[in-house]
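Participant: Below is one structure. I have some questions about it.
Just so it is clear, none of the values below were taken in a lab; they were calculated from the coordinates. The structure displayed is predicted, hence computed values, not measured ones. Ideal geometry is used to build each Cβ from the backbone, glycine not excepted, and the neighbour counts take in all protein chains shown.
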Amino acid sequence: MNFDFTTMLERHGKDALAVDGLRDNNRERNFAFSPSKPTNGKEAIPLWVADMNFATSPAIPEAIIERAKHPAYGYYATPDAWYDAILSWHERRNHVRFDRSWIGYENGVLGGLMSAVRSLEAPGSRILVNSPTYIGFTNALTGGGYRLVTSELQKDSDGIFRMDLADMEEKLQKYHIHTAICCSPHNPTGRVWERQELEDMMALYRKYDVTVLCDEIWSDLILPGYTHTPLLSLGEDARNRTIAFYAPSKTYNLAGLIGSYHVIPNPALRDRVYRESMRTGYNHQCVLSMHALIAAYGKTSEAWLEELKTVLHANVDFAMEETKKHLPGVSISRPQGTYMLWEDAGEYLRDHNLTLGDLVQKGWDAGVDWQSGEAFHGKTHIRLNLALPTAKLQEAYQRMETEVF
């Protein structure tokens, strides 16, 4: 390999939530969902926050440093290179062509999503989402005064999560819903939707005149054997009712730089979202974030990404095998994309008369810093981050086997 995916990145003291955000009785404010410190005297292994324990593509800090050398950081105009990088990336990676006019900056996918929701729906309106549901959707929408209507994903005979279109249709009718969220690939299950599934979903939304807010932030992290289908590639009707959101943040570990973008072909929807986004007066990207995206979508970073996906694939293989062999009562639907694992410990909990909170705490005590799935609507589930060196993942599973399960 040309890039280092074997070294555990040292992030302590670098403001990283994953390692510096553990619960501390002496700290004035602790995150409610953050792990507590281990009781076994070992160092915690960060498996909870959805960012990576790898250094990013070296082309990205090089680009940031090069721009930062010029000691003027005043107002700037977004260069053609930013748009060109986005257009070229999606054409190369997903074989879909966008028009430059469809692209607009957003202060994060959730910020863009909330601007879109506010442009379409009044507070109190119902929004359709699939369950399990990304916690960011839940917090942003309920915090904004909207009501979530969930449609639970169902496992087929092969253990693959599928949308329940009959249930979705029933809820669209019952609650007169006209806005839905699609997470593609799906977080937290890691499901990569097949083209036919998305076409069937969009036919349903066409029938009930639903606008779709599509979060495709994980779309660069597709594992071997699967293909991402952009919702905007499904024909004219899909383009006219879809507001898509992207960012390089999951792909390249750039969440702390802040910056995403929307792609909206429909000019009426685009104008409405733009007006809502600009109402706050600060929906403008940082100049360093802008240069980071240009470098992220370049050829050097693309090579880094391909090596990363090889590592993630190996980590998924390892986690699946170890779970099957050594974690009794735990089942997993194999992720097809992302770097998150969605474990169902329901059988284990029943057999040992434990609550999910009990099991999560046992992991934290052992320094296995995983995340309860409860906030994602997973009552017996744990969410696990696999984006770390394989040797460190092996250590985490050794602790699970000997100290947790």
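Participant: Please name which of Ser36, Val368, Leu254 has its Cα lying farthest along the dipole of the chain towards the positive end, using unit charges on Cβ (Lys, Arg +1; Asp, Glu -1) and the Cα centre as origin.
Facilitator: Checking the options against the dipole of the chain, the answer is Leu254.
Participant: Listing Phe137, Phe318, Phe98 from the residue with the fewest other Cβ atoms within 10 Å to the one with the most, what is the order? Spell out each step's value before the answer.
Facilitator: Working: Phe137 24, Phe318 15, Phe98 21.
The fewest-first ordering by Cβ neighbours comes to Phe318, Phe98, Phe137.
Participant: Apply 1/(1 + (r/R0)^6) to the Cβ-Cβ distance of Tyr73 and Asp20, taking R0 = 45 Å, and write down the FRET efficiency to the nearest 0.05.
Facilitator: Working: r = 27 Å, r/R0 = 0.59.
The computed FRET efficiency comes out at 0.95.
Participant: Further question: When a/c is below 1.5 the answer is rounded, else prolate if a/b is larger than b/c, else oblate, so apply that to the chain with a ≥ b ≥ c taken from the square roots of the Cα gyration tensor eigenvalues.
Facilitator: Details: a/c = 1.59, a/b = 1.18, b/c = 1.36.
It is oblate, given that a/c is not under 1.5 and a/b is not larger than b/c.
Participant: Mind checking which of Tyr297, Phe405, Thr323 is farthest towards the positive end of the chain's charge dipole, using Cβ charges of +1 (Lys, Arg) and -1 (Asp, Glu) about the Cα centre?
Facilitator: Of the listed residues, the answer is Tyr297.
Participant: Between Leu165 and Glu347, take the C-beta separation as r, use R0 = 22 Å, and let me know the FRET efficiency to the nearest 0.05.
Facilitator: Values: r = 28 Å, r/R0 = 1.29.
After rounding to 0.05, the efficiency reads 0.20.
Participant: Among Cys286, Cys214, which comes first, second and so on when ranked by fewest other beta-carbon atoms within 10 Å?
Facilitator: Cys286, Cys214
Participant: Same structure again: Find how much the distance from Tyr282 to Asn40 grows on full extension, using 0.36 nm per residue of separation minus their present alpha carbon separation; answer in nm with one decimal. Walk me through the numbers on the way to the answer.
Facilitator: Numbers: separation 242, 0.36 × 242 = 87.12 nm, distance 4.55 nm.
Here the answer is 82.6 nm.
Participant: Next question, about the same structure. Might you report the magnitude of the Cβ-based charge dipole of segment 319-375 about its Cα centre, with Lys and Arg at +1 and Asp and Glu at -1, to the nearest 20 debye?
Facilitator: Details: 5 positive and 10 negative charges, 34 e Å.
For segment 319-375, the charge dipole is close to 160 debye.
Participant: Fewest to most neighbouring Cβ within 10 Å: what's the order for Tyr226, Tyr297, Tyr348? Please report the intermediate quantities before stating the final value.
Facilitator: Values: Tyr226 16, Tyr297 25, Tyr348 19.
Neighbour counts put them in this order, fewest first: Tyr226, Tyr348, Tyr297.
Participant: Please check: in the Gaussian network model of the chain (C-alpha springs, under 10 Å), which one of Lys37, Lys14, Lys362 has the largest mean-square fluctuation.
Facilitator: Lys14
Participant: Follow-up. If you take every residue apart from Thr251 with its C-beta less than 15 Å away from the C-beta of Thr251, what net charge results, scoring Lys and Arg +1 and Asp and Glu -1?
Facilitator: Working: positive: Arg92, Arg93, Lys250, Lys299, Lys309; negative: Asp51, Asp215, Glu216, Asp220, Glu302, Glu306, Glu307.
Combined, the nearby Lys, Arg, Asp and Glu give -2.
Participant: Of Leu221, Leu354, Leu269, which is the most mobile in a GNM of the chain whose springs link Cα atoms less than 10 angstrom apart?
Facilitator: Its mean-square fluctuation being the largest, the pick is Leu354.
Participant: Rounded to the nearest 500, what is the 222 nm mean residue ellipticity of the chain from helices alone, with -39500 (n - 2.57) per DSSP H run of 4+ residues and division by all residues? Intermediate values should be presented prior to the final figure.
Facilitator: Values: 15 runs with 160 residues, N = 405.
My calculation for the chain gives -12000 deg cm²/dmol from helical runs alone.
Participant: Taking only C-alpha pairs under 8 Å that are 6+ residues apart, what is the relative contact order of segment 248-405 in percent? Walk me through the numbers before you get to the answer.
Facilitator: Numbers: 151 pairs, mean separation 28.5, N = 158.
Relative contact order for segment 248-405 comes out at 18 percent.
Participant: Here's another thing I want to ask about it. Would you work out the charge dipole size for the chain about its Cα centre, treating the Cβ of every Lys and Arg as +1 and the Cβ of every Asp and Glu as -1, and quote it to the nearest 20 debye? Can you show the working numbers first?
Facilitator: Working: 42 positive and 52 negative charges, 185 e Å.
Here the chain has a charge dipole of around 880 debye.
Participant: Mind checking the dipole of segment 207-296: about its Cα centre, +1 per Lys or Arg Cβ, -1 per Asp or Glu Cβ, Debye to the nearest 20?
Facilitator: Numbers: 8 positive and 8 negative charges, 39 e Å.
Approximately 180 debye in magnitude.
Participant: With contacts defined as alpha carbon pairs under 8 Å and 6 or more residues apart, what's the relative contact order of the chain in percent?
Facilitator: Numbers: 712 pairs, mean separation 100.8, N = 405.
Here the relative contact order equals 25 percent.
Participant: For Val149 and Asp80, compute 0.36 nm times the residue count separating them, minus their Cα-Cα distance, and round to one decimal in nm.
Facilitator: Values: separation 69, 0.36 × 69 = 24.84 nm, distance 4.04 nm.
My answer for the length gained is 20.8 nm.
Participant: On to the next question. I need to check one value: relative contact order of segment 210-337, counting alpha carbon pairs closer than 8 Å and at least 6 residues apart, in percent. It would help to have the intermediate numbers written out before the result.
Facilitator: Values: 122 pairs, mean separation 33.2, N = 128.
About 26 percent, as a whole number.
Participant: According to a simple spin-label model (label point 7 Å from Cα along Cα-to-Cβ), what is the distance in nm between His326 and Thr7?
Facilitator: 2.7 nm
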